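Reviewing the structure listed below.
The values are calculated or read from the model by the stated rules, or taken from the named source; none is laboratory data. The structure presented is a predicted model; accordingly, all values stated were derived computationally and were not measured. Reconstructed Cβ throughout: ideal geometry from the backbone, glycine too, with neighbour counts over all protein chains shown. Just so you know, the surface numbers come from the protein's heavy atoms only, side chains and all, with ligands and any DNA or RNA stripped out. Shrake-Rupley method; radii C 1.70, N 1.55, O 1.52, S 1.80 Å.
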Amino acid sequence: MIKKFVYSQKVAPYVFVLPFILIFLIFWFFPLVNSFVMSFQDRMLGQDPKWIGEANYSKLLTDKVFLTAIKNSVVYMLGTLVLLIPLPMLFAVMINSKLMMGREFFKSSFFLPALTSVAVAGTIFRLTFGEMEGSLMNSFLGLFGIEPIKFLKDGNWSMAALLILACWRWTGVNMLYYLSGLKSIDNEYYEAASIDGASAWQKFRTITMPLLKPTTVYVTTISVYAGLAMFTESLMMFNGNNSPKNIGLTIVGYLYRQGIEQNKLGYAAAVGIVLLVIAMVINLTQLKFSGMFKKEED
């Protein structure tokens, strides 16, 4: 009985971990390897794959539409980093303040848009920024005598509309991350700073921001990937994957166009691998400079 008990104690951890290993292999590792192999093939549904080496990657380097998609995705990602890190942090600090009234109401109000379907949100914003005089934005501009603007036919305005949609949907989510980080900061730090005569700005700069660094790194990491992988918002905003002059085309949108719409699975796989490499390089670089790897080594 003792031997059986000891044996079961040794085996139990492996039995618990096995499902997670299988999930990792089936839903991540095998698809990644298969996509990598597919990216070196000329592959279409209903046809035998043909090995073409690095031809797909060579074609991507000179594909102007793909380069446009990269530019759009990178600009969108940078815009979300500029907006969806400092603003949620400031809102979290304000809501976490003891002087703030109605905390739960504001937390719920900020988080509610995240529960909205992307399809519904994209459709609403498409109608809001429509080119017709009766659209919400043009009606508002008309009050000041401004002529209607074709927001979704201009590169700068359409990118601004996508960023406003991103802020509307994700500010509350990132704010909750920062609120969780603020809860882990010992209030004694602020009390000591108050005794030393520190102002509210000095407390925020020397206590809050440094101690929220792990949260900021996490939010930055997920925001980089989310920004580069954005697709559904653009699809709904432009009512399809064919925006005027590709002003709303993203990397994932181009992958969808090549793989689903044009049945070029090998070329689409190459686009996906490039997206993975870009996201990993950016995130590994920012993790390196933020000192996360050094902390692990220590």
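The Stokes-Einstein estimate for region 152-209, based on a Kirkwood radius over Cα pairs and taken at 4 °C with 1.567 mPa s viscosity, is a diffusion coefficient of 91 µm²/s. Mean projected area of the convex hull spanned by the Cα atoms of the chain, taken over all viewing directions: 25.4 nm². Partners of K183 within straight-line reach, counting aspartates and glutamates whose Cα lies under 19 Å from its Cα and excluding those fewer than 8 residues away in the same chain: E104, E191. Near D42, the amide H atoms lying under 5 Å from its own belong to K50, W51, I52; only residues 5 or more places off or on other chains count, and H is placed 1.01 Å from N.
Of all aspartates and glutamates in the structure, those lying under 15 Å Cα to Cα from K288, and not within fewer than 8 positions of it along the same chain, are E296, E297, D298.
What net charge do the residues around Q262 carry, taking every other residue with its C-beta under 15 Å from that of Q262, with Lys and Arg at +1 and Asp and Glu at -1? In short, +1. Here the Debye sum runs over all C-alpha atoms of region 126-224 as equal scatterers in vacuum, and log10 of I(q)/I(0) at q = 0.14, 0.19 Å⁻¹ comes out as -0.71, -0.89.
At a probe radius of 1.4 angstrom, the accessible area of the chain per residue rounds to 62 square angstrom. Compactness of region 159-297 was expressed as the Cα radius of gyration divided by 2.2 N^0.38 Å, which yields 1.42. On full extension, the segment bounded by Q202 and D48 gains 48.9 nm, given 0.36 nm per residue less the C-alpha separation. When D63, D196 are compared by accessible surface with a 1.4 Å probe, the order from highest to lowest is D196, D63. For the listed residue pairs K107/K150; K71/K150; K71/K264, the alpha carbons are over 26 angstrom apart in K107/K150. Share of the chain's accessible area from carbon and sulfur, percent, 1.4 Å? For the chain, the apolar C and S fraction of the accessible surface comes to 69 percent.
Taking 13 Å as the straight-line reach from the Cα of K50, the aspartates and glutamates in range (excluding those fewer than 8 positions away in the same chain) are D42. Here the sum of -39500 (n - 2.57) over DSSP H runs of 4 or more residues, divided by the residues of the chain, equals -21000 deg cm²/dmol at 222 nm, to the nearest 500.
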